[in-house]
Amino acid sequence: MPILQATYGSQPPPVPGGPAGVQFLGVDVRDEPAAAADLLAALDVRYPQLQDPQGVMLDQMALPGLPVTIAVDAAGEVADVQIGQLDTTRLQELLDAARGATG
């Protein structure tokens, strides 16, 4: 989460009519809400969070477990998925996929 928070904090805010921005959304999967909130506060995570106490998202997407980072493009389609730990290079690849960049 620290890599995500650092990147989230460095993203310019979206500008209407401007280039496509990237939004961050965390999902607390199968966590107690209070414990999740404590962890997020301790790590100073400020991007929006949703609760998924039953793990529905993992089940519906047939994901094997956590951590997982999903890049969703502007059309709402999954553009790329990282299962396991994330580094800054891989995060940039996910951001590029979300923006529709090709390399």
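When the range 22-37 is examined, which residues are found to be surrounded by 12 or more Cβ atoms within 10 Å (Cβ to Cβ) and at pLDDT 90 or above?
Once the filter is applied, which keeps residues that are surrounded by 12 or more Cβ atoms within 10 Å (Cβ to Cβ) and at pLDDT 90 or above, the range 22-37 yields GLY26, VAL27, ASP28, VAL29, ARG30, ASP31, ALA36, ALA37.
Give the range 71-89 a look and list any residue that's surrounded by 15 or more Cβ atoms within 10 Å (Cβ to Cβ) and either without any contact (Cβ under 8 Å) to a residue 12 or more places away in the chain or closer than 15 Å to GLN5 by Cα (or both), or say none.
The one that is surrounded by 15 or more Cβ atoms within 10 Å (Cβ to Cβ) and either without any contact (Cβ under 8 Å) to a residue 12 or more places away in the chain or closer than 15 Å to GLN5 by Cα (or both): LEU86.
Here are some conditions: (1) among the aliphatic types (A, V, I, L, M); (2) touching a strand residue (DSSP E or B) at 6+ places or on another chain (Cβ under 6 Å); (3) on the phi > 0 side of the Ramachandran plot. ALA62 meets all but one. Which one does it not meet?
Evaluating ALA62 over (1) among the aliphatic types (A, V, I, L, M); (2) touching a strand residue (DSSP E or B) at 6+ places or on another chain (Cβ under 6 Å); (3) on the phi > 0 side of the Ramachandran plot leaves (2) as the failure.
The values are calculated or read from the model by the stated rules, or taken from the named source; none is laboratory data. For clarity, every value in this text was computed on a predicted model and none was experimentally measured. Cβ coordinates were reconstructed from backbone atoms using ideal geometry, including for glycine residues, and neighbour counts include every protein chain displayed.
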